[in-house]
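The values are calculated or read from the model by the stated rules, or taken from the named source; none is laboratory data. It should be emphasised that the depicted structure is a prediction, and the values quoted were computed from it without experimental measurement. Neighbour counts run over all protein chains shown; Cβ positions are idealised from the backbone, glycine included.
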């Protein structure tokens, strides 16, 4: 498995300090087409399969690509269905990729397929009761399809609730903070986070923000911006799609307010994992993730601390644990998953009463 990015990051760490290991962002040059809009990404939760639109000659087409691991580039893009998905605005898929919701102009559609190798069947029009009949973008749903969120022009994200398989009823909206305009957003896979772009009315830029809530049905809290590694000043950062299992964010960035300037970008790993407590404000870097055997853990402590590390499976069973008294400075530990089966695990790092849990993927 090739990991040239990790080699680069480690060199940056040696040269400039641990903060440089956050720079895991790159343009998806293997997919972007100069002068054409590459936009509205949907990344699967393992970070390995990507759907997005490409605007050629004024028409959006839906493309798909994949890769073997999160450190590899994506393969050449291929059309999903040049007839069914020609001219669509954007799409969202269920975790198994067997259902798709896509916006086309002022209409929203739903289609199903039996396997990812098969084409989608005939689409069903979704009736949005109480909506504004505006231009639609960025549909996304909670895991049980209880709630549907969709962006409607201009500058508002509406929440609909399930009424019947082909009907959703307007229930609420996500309004931008005072002094901002909202752009297209997308739910996390568990429905508890919402990622969106916010544009200050006083400046010509858009930055990606995240809102959270405790349970489906609750209102989302206030918006929190990502760090400046993603929200580069004087750029437009829009249409985020976050894969929580792989800890991968894909979004669209452009340097000009021009549709044809839109390009796909990706960030993974420590750029998005933040551990914070009163005694230590630290950033945890875990790599490789996914791993076929061992994973390295790196972070920097401001003060000496007793640190507990433990790994649990999806049922909560502890498969590995150990304690360390780590001095201030750089901490490096290794998590051994060679003897456990393939699947998803949870690494928890605990310092005093504070703890951070990070998803680990084991591949055979």
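Among the residues that make up segment 162-180, is at least one of them out of contact with any helix residue (DSSP H, G or I) (no Cβ under 8 Å at 6 or more places or on another chain), crowded, with 16+ Cβ neighbours inside 10 Å, outside any strand (DSSP E or B) and modelled with pLDDT under 95? Within segment 162-180, one or more residues are out of contact with any helix residue (DSSP H, G or I) (no Cβ under 8 Å at 6 or more places or on another chain), crowded, with 16+ Cβ neighbours inside 10 Å, outside any strand (DSSP E or B) and modelled with pLDDT under 95.
Does segment 181-196 hold any residues that are touching a residue at least 40 places away in the same chain (Cβ under 8 Å) and surrounded by 14 or more Cβ atoms within 10 Å (Cβ to Cβ), and which are they? If you could, list the steps in order and put the result at the bottom.
The initial filter retains those residues of segment 181-196 that are touching a residue at least 40 places away in the same chain (Cβ under 8 Å), namely 183-191, 193-196.
183, 184, 185, 186, 187, 188, 189, 191, 193, 194, 195, 196 - these are the residues of segment 181-196 that are touching a residue at least 40 places away in the same chain (Cβ under 8 Å) and surrounded by 14 or more Cβ atoms within 10 Å (Cβ to Cβ).
Yes or no: residue 70 in contact with a strand residue (DSSP E or B) (Cβ under 6 Å, 6 or more places away or on another chain) and over 17 Å from residue 186 (Cα atoms)? Outline the logic, then answer.
Working: in contact with a strand residue (DSSP E or B) (Cβ under 6 Å, 6 or more places away or on another chain): yes; over 17 Å from residue 186 (Cα atoms): yes.
Here the answer is yes, as residue 70 does meet what is asked.
Please go through segment 342-364 and pick out each residue that is loosely packed, with under 15 Cβ neighbours inside 10 Å and over 26 Å from the mean Cα position of the chain (by Cα). Result: 352, 353. When the residues of segment 103-120 are filtered to those that are outside any loop (DSSP other than H, G, I, E, B) and surrounded by fewer than 18 Cβ atoms within 10 Å (Cβ to Cβ), the one that is modelled with the highest pLDDT is 112. Scanning segment 288-309 for residues that are assigned to a strand (DSSP E or B), in contact (Cβ under 8 Å) with a residue 40 or more places away in the chain and under 27 Å from the mean Cα position of the chain (by Cα) returns 291, 294, 295, 297, 298, 299, 300, 309.
Determine whether residue 65 is farther than 19 Å from residue 137 by Cβ, in a strand (DSSP E or B) and assigned by TED's automatic domain parsing to the domain that holds residue 152. Yes, satisfied. Screening 199, 222, 183, 205 for residues that are modelled with pLDDT under 90 and assigned by TED's automatic domain parsing to the domain that holds residue 53 leaves exactly one candidate, 205. Say we look at segment 46-62 and pick out the residues that are surrounded by fewer than 15 Cβ atoms within 10 Å (Cβ to Cβ) and in a loop (DSSP other than H, G, I, E, B); which of these is modelled with the highest pLDDT? Taking the candidates together, the pick is 58. Scanning segment 311-325 for residues that are assigned to a strand (DSSP E or B) and either modelled with pLDDT under 85 or out of contact with any strand residue (DSSP E or B) (no Cβ under 9 Å at 6 or more places or on another chain) (or both) turns up 312, 318. For segment 79-102, the set of residues classified as over 17 Å from the mean Cα position of the chain (by Cα), assigned to a strand (DSSP E or B) and modelled with pLDDT of 95 or more consists of 99, 100, 101, 102, listed by residue number.
For segment 210-220, indicate whether the set of residues that are assigned to a strand (DSSP E or B), within 12 Å of the chain's Cα centre (by Cα) and in contact (Cβ under 8 Å) with a residue 40 or more places away in the chain is non-empty. Outline the logic, then answer.
Step one: of segment 210-220, the residues assigned to a strand (DSSP E or B) are 210-212.
From what's left, within 12 Å of the chain's Cα centre (by Cα): 210.
Then drop every residue that is not in contact (Cβ under 8 Å) with a residue 40 or more places away in the chain, which leaves none.
The answer is no; no qualifying residue exists.
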